[in-house]
Amino acid sequence: MSPRCIRFVPRWIFVSLYILLVARNVPAKPLGSHISQAHGGKVIENIRGGARVPRSLQELVEETIASDRKIVVVTGGVLSGIGKGVTASSIGVLFRAMGLRVTALKIDPYLNVDAGTMSPFEHGEVFVLDDGGETDLDLGNYERFLSVSLTKESNLSTGKIYQSVIEKERIGHYLGKTVQVVPHVSDAIQEWVLRVAKAPVAAFVKAESGRRVDANSDEIEAPDVCIVELGGTLGDIESMPFVEALRQLQEQVGYKNMCFVHVSLVPVMGSPSEQKTKPTQHSVKQMMQLGLRPDFLCCRGKEPLEDGTKEKLSLFTSVPNNAIMSIHDVSNIYRVPLMMIEQNLPSMLAQRLRIQPYASRRDTLNYAQVDGVTDIKNSELIKSWTELANSVDDPESECTIAMVGKYCDQDLSVVKALTHSAIATRQRLRIEWIVASDLSGDDEGEVGDEASKSAWDRLKKCDGIVVPGGFGTRGFEGKIAATKYARESKTPFLGICLGMQAAVIEHCRSVLGRQGAHSSEFKQGLEENVEDAVIFMPEGDRERMGGTMRLGARETILKDG
């Protein structure tokens, strides 16, 4: 064929020949495989999107698919603090009732590495895990609802992920590449999510036996489901990398292995009152613009959703009517999983994620059309959960506990612990918040003003006293005074962290006669073995505040002396 003839051969013939030649040199892949190995083995190519991802992420994706592990992402719209944490925890209870092992991950878009250095007034008090991790309070709900012991890896912040990526860049991990939010940060987020999703979690309670499986037990297994809560509100600038990473992650693991639950607000306004759907409409619209599509809507409000409201939301959001949940106000948060069961959410989740044996992977039935396939309402777990919810509403007595601290109404994790103690003893808990500085007007412990008199009167009426942790010397002498009163009056007392320091110092001063006794954390130059009632802990640092405390469940050795 002459060169002149070649000029007139259609271009598509050359393209077809090229594809055939390439195909002859590509080894055959198993049917259904959507991931192939690229040349050299250092990166892989996702045929679904044409994106190149690191081998470490590829291996995690393959393990997730092979293990048939499911991921449920809970997002929030309209405003923060809408109840995503309770919603995520409640969904976990439903999976537990199905006999599945559940773990959880909270994503916080703030730049702090952890919650340890944030003021309680800024973000609420931290929740300390067994491994010493200082995390968001939502992890307390996860542990209580899921009956698991999570780790510091279960709380991911922007600060953590950027710190990880920058450290890799400093050691040349990216081989000279320009490090960018996409793909490097988004890949790192996906790896983190999948690592947490597969990590065995200690202290599962087996629903059929009620036994607790400890961390060192041979019975501990990888989770079947991971609940991921994306903190903040969709559309926030700081959460954009996480939104994009989650969008990519669903592409990687597949539609049947990952779903989205969106929590939004349906306010009631006007006279006569009317449920307004426009905030949720806009929230879902923004979610779709970001590349995510909600499979379920959980609508918060004071009253149950009306049928007309659900129909309107379904029309404007494309979420099936049956998949729109009414998460209205109830007497206590332990009724939320029961409310979800009444609205058939467990069966729809099982169908949407093709959870065996409740649904077949090849089943094409729409998830919103199934009903009663899980039948967990009569399970032992849900029966005991119902008893728990009823006991919270029907206590047999009341107890009053004084909380003596610097930040009133902010020690939420301590309050939750006290609340659960009250539930276990079928009592109604009443907290008496007392500002520590009101109990002692100055360093000499003198009390003279009216506020101090009122504080002492309220303290003496309480059934028990708790002095929680804190920082700084303000109010410290008041905490010592409260400790002394508890010892002398034999009032039940619990000192936590700084509260325990106050108890030790009070004993040294009042019982051992060491009037100058104090803590080396606050005063330097104390006389050794006389005034230094509490030494400055080796983990401590007077210049740095983050990650410098001895925290978590650890063994403490007491020596004679």
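The values are calculated or read from the model by the stated rules, or taken from the named source; none is laboratory data. Predicted, not measured: the structure shown is a model, and the values here were computed from it. Neighbour counts are summed over all protein chains in view; Cβ atoms, including those assigned to glycine, are modelled from backbone coordinates with ideal geometry. In case anyone asks, the SASA skips ligands and DNA or RNA and just uses the protein heavy atoms, side chains included. Shrake-Rupley method; radii C 1.70, N 1.55, O 1.52, S 1.80 Å.
For the reader, a short list of remarks on this structure follows.
- The single condition among (1) open to solvent by 50 Å² or more (accessible area, probe 1.4 Å); (2) closer than 28 Å to residue 331 by Cβ that residue 366 does not satisfy is (2).
- Test for residue 278: is it out of contact with any Cys (no Cβ under 6 Å at 6 or more places or on another chain), open to solvent by 10 Å² or more (accessible area, probe 1.4 Å), modelled with pLDDT under 95 and of a type outside the set (A, V, I, L, M): no
- Among the residues listed as 167, 153, 122, the single one being open to solvent by 20 Å² or more (accessible area, probe 1.4 Å), free of Cβ contacts under 8 Å to residues at least 12 places away in the same chain, outside any loop (DSSP other than H, G, I, E, B) and closer than 29 Å to residue 90 by Cβ: 122
- Applying a threshold of 8 Å to beta carbon distances and a minimum spacing of six or more residues, or different chains, the list of pairs starting in segment 194-207 at a residue that is assigned to a loop (DSSP other than H, G, I, E, B) and open to solvent by 60 Å² or more (accessible area, probe 1.4 Å) and ending at one that is modelled with pLDDT of 50 or more and among the small types (Gly, Ala, Ser) reads 200/222.
- Condition met for residue 103 (out of contact with any Gly (no Cβ under 8 Å at 6 or more places or on another chain), surrounded by 22 or more Cβ atoms within 10 Å (Cβ to Cβ) and under 25 Å from residue 293 (Cα atoms)): yes
- Sole residue being aromatic (Phe, Trp, Tyr), in contact (Cβ under 8 Å) with a residue 24 or more places away in the chain and under 30 Å from residue 406 (Cα atoms), chosen from 110, 162: 110
- Taken over segment 301-338, residues that are open to solvent by 60 Å² or more (accessible area, probe 1.4 Å) and within 26 Å of residue 258 (Cβ to Cβ) amount to 4.
- Number of positions in segment 339-354 that are open to solvent by less than 10 Å² (accessible area, probe 1.4 Å) and within 20 Å of residue 293 (Cβ to Cβ): 7
- Scanning segment 373-414 for residues that are more than 28 Å from residue 127 (Cα to Cα) and either open to solvent by less than 50 Å² (accessible area, probe 1.4 Å) or assigned to a helix (DSSP H, G or I) (or both) yields 374, 376, 379, 380, 383.
- Some residue of segment 257-266 being surrounded by fewer than 18 Cβ atoms within 10 Å (Cβ to Cβ), within 22 Å of the chain's Cα centre (by Cα) and at pLDDT 95 or above: yes
- Flag if residue 419 is closer than 16 Å to residue 456 by Cα and polar (S, T, N, Q): no
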